[in-house]
1. Suppose we filter region A:148-165 for residues that are buried (at least 19 other Cβ atoms within 10 Å of the Cβ) and either under 19 Å from residue A:45 (Cα atoms) or modelled with pLDDT of 90 or more (or both); how many remain?
2. Kindly list, by first and then second residue, each pair from a residue in region A:66-79 that is touching a residue at least 24 places away in the same chain (Cβ under 8 Å) and within 14 Å of chain B (Cβ to nearest Cβ) to a residue that is part of a strand (DSSP E or B) and surrounded by fewer than 24 Cβ atoms within 10 Å (Cβ to Cβ), limited to pairs with Cβ atoms under 7 Å and residues at least 6 apart or on different chains.
3. Does residue A:111 qualify as being under 16 Å from the mean Cα position of the chain (by Cα) and more than 25 Å from residue A:189 (Cα to Cα)?
4. Determine whether residue A:77 is crowded, with 17+ Cβ neighbours inside 10 Å, at pLDDT 95 or above and either touching a strand residue (DSSP E or B) at 6+ places or on another chain (Cβ under 7 Å) or not in a helix (DSSP H, G or I) (or both).
5. With the structure loaded, tell me whether residue A:145 is within 13 Å of chain B (Cβ to nearest Cβ) and surrounded by fewer than 23 Cβ atoms within 10 Å (Cβ to Cβ) or whether it fails that test.
6. Could you please tell me which pairs satisfy a Cβ distance under 6 Å, a separation of 6+ or placement on different chains, a first residue in region B:91-116 that is away from chain A (no Cβ under 14 Å), and a second residue that is assigned to a loop (DSSP other than H, G, I, E, B)?
7. Can you tell me which residue is surrounded by the fewest Cβ atoms within 10 Å (Cβ to Cβ) among those in region B:34-57 that are assigned to a helix (DSSP H, G or I) and more than 8 Å from chain A (Cβ to nearest Cβ)?
8. Any idea which residue in region B:75-90 is farthest from the other protein chains (Cβ to nearest Cβ), counting only those that are modelled with pLDDT under 75 and buried (at least 17 other Cβ atoms within 10 Å of the Cβ)?
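The values are calculated or read from the model by the stated rules, or taken from the named source; none is laboratory data. Note that this is a predicted model, so its numbers are computed, not measured. Because the Cβ atoms are built from the backbone with ideal geometry, glycine has one as well, and the counts that use them run over all protein chains shown.
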């Protein structure tokens with residue numbers, strides 16, 4: 001009896017410890033890695049400077065947020081973007097504006113999405129957090145080239161609704177520009193999981 | 001007597017079935033073609049993607065609405081429905097046939113508006129008007 005008891009105690013303790021382990025588990029660093037002889041090098045999102053809806057210059061390395069949430073969209077997109085934006089809104093409402101998160105939504109429509117149109121979109125969708133930036137590239141290809149570093153694709157396609165075929169990921173990166181997690185921006189449950197990952201990232205030392 | 005009862009029961013049942021299948025069709029078409037922007041509960045998102053629950057507004061623009069669905073709304077170009085009432089654009093939807101539009105409207109009507117039935121003639125009349133502009 002005594003032995004059973006102690007066995008039970010041991011296994012309970014083990015379970016609790018393991019659980020604690022899992023709680024402290026860090027998010028993995030995603031993407032390709034290489035080895036320079038002494039260190040593992042993780043792939044990084046290359047630095048860039050673009051313009052946001054308030055005509056501010058936004059440089060990735062100057063953003064101070066511990067977490068960085070990114071997505072690709074365009075204002076006249078009739079298919080997945082509204083869903084992605086609804087979920088960006090949900091993430092933003094879950095954490096409040098004081099949370100240490102920067103949001104970058106990259107517009108894929110260089111032709112139509114002028115600064116003033118992005119500004120109108122920002123206001124009419126109902127964003128108020130100044131750390132949400134709707135980004136316009138400096139030339140038509142800057143954002144399309146950036147997409148691959150965010151594991152996303154974007155190609156012009158006249159047969160696609162709205163004229164651009166693109167992926168709807170919402171991506172999470174840290175302040176060292178490493179990708180840490182992602183979710184399908186059209187899927188609420190997947191975005192709920194991403195919200196937990198964002199919490200984990202914010203709690204990292 | 002019993003047979004007539006049975007017949008009545010059968011007719012009521014099939015009528016029931018017809019109406020739900022029409023709402024189902026409308027629900028499916030709404031989810032496929034409209035809900036991405038307007039939301040699955042027609043709740044909209046801010047002012048950019050307007051909600052569709054305002055009965056008074058729908059009643060006021062009942063004649064135009066099928067044409068807006070089919071031909072879209074474009075504020076910039078001098079096209080049919082130049083922003084008289086609208087804050088944002090809406091893409092055109094040429095795939096949608098009069099029957100689809102009528103199903104979508106009746107589904108929303110059942111769910112939110114409680115107006116009289118949108119029949120297919122009414123939809124076609126609106127589309128003729130929209131086409132002629």
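1. From region A:148-165, those buried (at least 19 other Cβ atoms within 10 Å of the Cβ) are A:150, A:152, A:154, A:162, A:164; that's our starting set.
Remaining after also requiring either under 19 Å from residue A:45 (Cα atoms) or modelled with pLDDT of 90 or more (or both): A:150, A:152, A:154.
Residues that pass the stated criteria total 3.
2. A:74/A:164
3. So residue A:111 fails the test.
4. Spelling it out, it is not the case that residue A:77 is crowded, with 17+ Cβ neighbours inside 10 Å, at pLDDT 95 or above and either touching a strand residue (DSSP E or B) at 6+ places or on another chain (Cβ under 7 Å) or not in a helix (DSSP H, G or I) (or both).
5. No; evaluated as a whole, the condition is false for this residue.
6. Hits for this filter: B:102/B:118; B:105/B:118; B:106/B:118; B:109/B:115; B:112/B:53.
7. B:56
8. B:80
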